[in-house]
1. Taking only pairs six or more apart or across chains, which ones have beta-carbon atoms under 8 Å, a first residue in segment 641-660 that is of a type in the set (Phe, Trp, Tyr), and a second residue that is surrounded by 16 or more Cβ atoms within 10 Å (Cβ to Cβ)?
2. Looking at segment 272-279, can you tell me whether even one residue there is surrounded by fewer than 16 Cβ atoms within 10 Å (Cβ to Cβ), out of contact with any Asp or Glu (no Cβ under 6 Å at 6 or more places or on another chain) and not basic (Lys, Arg)?
3. In segment 417-441, what residues are modelled with pLDDT under 90, buried (at least 17 other Cβ atoms within 10 Å of the Cβ) and more than 30 Å from Ile528 (Cα to Cα)?
4. Ile297 versus (1) assigned by TED's automatic domain parsing to the domain that holds His153; (2) part of a helix (DSSP H, G or I); (3) of a type in the set (Val, Ile, Thr): which is the lone unmet condition?
5. Need at least 2 residues that are of a type in the set (Ser, Thr, Tyr) per element, so show me which strands (runs of 3 or more DSSP E) inside segment 565-666 make the cut, counting only ones lying wholly within it.
6. May I ask you to list the residues in segment 301-319 that are among the charged types (D, E, K, R) and part of a loop (DSSP other than H, G, I, E, B)?
7. Going by the conditions given, is Arg609 of a type in the set (Lys, Arg), more than 17 Å from Leu681 (Cα to Cα) and not assigned by TED's automatic domain parsing to the domain that holds Ile506?
8. Among the candidates Gln413, Gln465, Gln388, which residue alone is surrounded by 19 or more Cβ atoms within 10 Å (Cβ to Cβ) and either modelled with pLDDT under 90 or on the phi < 0 side of the Ramachandran plot (or both)?
Amino acid sequence: MNLKFQETMHKYLNHILALFIALTALSSCSDDNESTSVPEPDPTPSGYCLMFYMSGDDKIHDITLMESARQAAAVSDDNVAVTVLHKNSGEGEGEAHNGTHRYTAQNGVLTEDPTFDPGEDFAITDPKELTDFIRWSVEKYPNRHYLLVIGGHGKAFVPYEDEDATSTKTRATLYDDHKYMSSAQLGNAIRQSGQNLDALIFNSCQQGNIEMLAEWEGTADYLLSTPFMLPDFGYDYASLIGDLQQGRSVEEALARTAHRAINLWQEFHNQEECGMVTQVSRIRDLTPLWETMRQIIGAMNKSIEDRNFTTDAPAVYGQPYGQGYARALVSKYVGNEDDFFEYNRPTFALDIVGFFHAAYVQSGNMSLAPYINRLDEILADVIVTHRQTNGKHDFIYLVFNALSIYDEELDGQLYRECRFDKLTGWRDFYDSLTNFVYNYEEECEILTPISEHIVGRWDLKEMFQKRFNEWIPVGNEATDLGVMIFRPNNEVVRVSKVGESTGLSINHWIITEGNKIKLTDFDDEVDILQLTENDLVIVESSPYSKIKSKAHFQRADDTDRTLAERMVGKWSLSKRYEKVNGEWVEVENLPVECWAEFLESGLSNSYTRLSTTSEGVKSDNMPWRVHEETGTVSCVNPADRVPIFCRIALEDNDNTMIMNHSENFNPELEEQTSTEYKDILIRN
């Protein structure tokens, strides 16, 4: 009875609908002055059109990209058509490497468009050309489902100024001879076409950054791309078309395409050549994703200075959450260079989903859990499939991270132009975190009064440079600090070591507010991080960039002095010898006055007066250094910048100096090359 009732009602409704249409038609024709009826909407799309927009940019990809399009064209039929616009690189001979060509394909036949005039140098990276190609494809094959394939070289996301599209630092989805089409430009080109796409497919490398996702939101129902490198093989478009011909949905066909790709690319992984990743995402409306990410990022930004009260490692009890966030950021950014899987990993990027999870664990911030769990639920709806050849899911959506600080001088202005940042506030969080970890140091013991406890000799033991949140050891040879000697009279002597060469300098110090040492002669200021009976740690910050250096000194015995320190003083000539026929012969006629003076300032003076009636010759303020092992002293005369060399040795409790010199000393051979002299000098 119910079935019969339904059939009767169905016939009745059909009669009513037919009557309504007839009345509407009569009404629309009854008065020529009335507006025409609203046109009926286009019928439901029937069939598919796969559109290839490609730039070879080199000889190899001229061939491989066009081969992908040919394989798709070979299996086309009435239901699935193919259009192609391909610009060759011009780097080889023949049609396969030159010119720009436009094709249609149906029923297995690829036909070049004879009406297409690309001009001398077709602007394949011009967004308008992409818009026109989409519109042309729709005109050729109207009322279909459209899938757009972008083929060529891609680059990972790095922000750039739109007016400088030729910059090498760019987010690029397509490029041609150093000209780029950015992800934002590509998204806008699709929107300008007025055509909704069923799928956006990238047959190009490194198109998996979340900033790109934000630029392409709403341009298509689905996105198939990889954040890693893409093999020259690309995707199997013939099988993709076969899925559509068999009646499978676009979503299922794309998922199957991603699975086929990883199954084939797995051999790269098995051979330990490189790792591969691919993913299908729903990108028609990502509003919940952006809202949740903004909530997570905002919660983290507000809690940077809050303290952790959990005891589960790797979180540190009592430490600010910001330190945990920083460790998480570094752990996701710094990959294992020896891991072949990460060989094709893009630089300047980390997996933002993995970062959120790591930040929760590394910081111990329990309040992040609801937000991150909500994000995972949303991602389950956004991601159709995600495959990695290592079987993991730790490269889902990559985000540019400013550890590269490439636009630091512009205070992040370039990055803030991208849509993702406007939606989520990522750069504000990163800047807040960077400032926090740059200035944050664990509290250490500082003995007071500093001016009393700092007096003495301190030997440099370790040098560090701060990289984001971590102090990274650097070799002692990278610094000019070897020893610092603080004196009660506010003098400070620096003993600098470069290899085995030692030099001296002197300054004056005072302790200023905030546990700082100010070197008054040069207006330098360093922070005291730690001062105990045996340890001194100072930190120096660059006024021009976020670079910090840390030096760890240990108290030393003041008697353990370098040769340079032992040389300090005024030395007068007592005897002189000249080498004659291999024997030292004492010189009888010595100058009436001859002395040399080595100062703690790192300068030296000398004076010689041959007789009572002659004028003396004085050389002042000559910078000097000494080789600790050989005793070779180098001085530079400021007048002519000509170096002077000699070799010294100290005897008699450092009260006697033996100085070997000549008119021409070769420091590389460490030998005299002309008349040799040996002077005996006595400390004054």
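The values are calculated or read from the model by the stated rules, or taken from the named source; none is laboratory data. Note that the structure is a prediction, hence the values are computed from the model and not measured. Methodologically, a virtual Cβ is constructed for each residue, glycine included, from the backbone with ideal geometry; neighbour enumeration extends over all protein chains shown.
1. Correct list of pairs: Phe645/Thr632; Phe645/Val633; Phe645/Ser634; Phe645/Cys635; Phe645/His661; Phe645/Phe665.
2. Yes, there is a match, as at least one residue in segment 272-279 is surrounded by fewer than 16 Cβ atoms within 10 Å (Cβ to Cβ), out of contact with any Asp or Glu (no Cβ under 6 Å at 6 or more places or on another chain) and not basic (Lys, Arg).
3. Answer for segment 417-441, where residues must be modelled with pLDDT under 90, buried (at least 17 other Cβ atoms within 10 Å of the Cβ) and more than 30 Å from Ile528 (Cα to Cα): Cys418, Arg427.
4. (1)
5. Details: elements: 569-580, 583-586, 593-598, 603-609, 617-627, 632-636, 643-651, 656-662.
In segment 565-666, the matching strands (runs of 3 or more DSSP E) lie at 569-580, 603-609, 632-636, 656-662.
6. Glu305, Asp306, Asp312
7. So Arg609 does not fit the description; no.
8. Details: Gln413 fails: surrounded by 19 or more Cβ atoms within 10 Å (Cβ to Cβ); Gln465 fails: surrounded by 19 or more Cβ atoms within 10 Å (Cβ to Cβ).
Sole residue among the options that is surrounded by 19 or more Cβ atoms within 10 Å (Cβ to Cβ) and either modelled with pLDDT under 90 or on the phi < 0 side of the Ramachandran plot (or both): Gln388.
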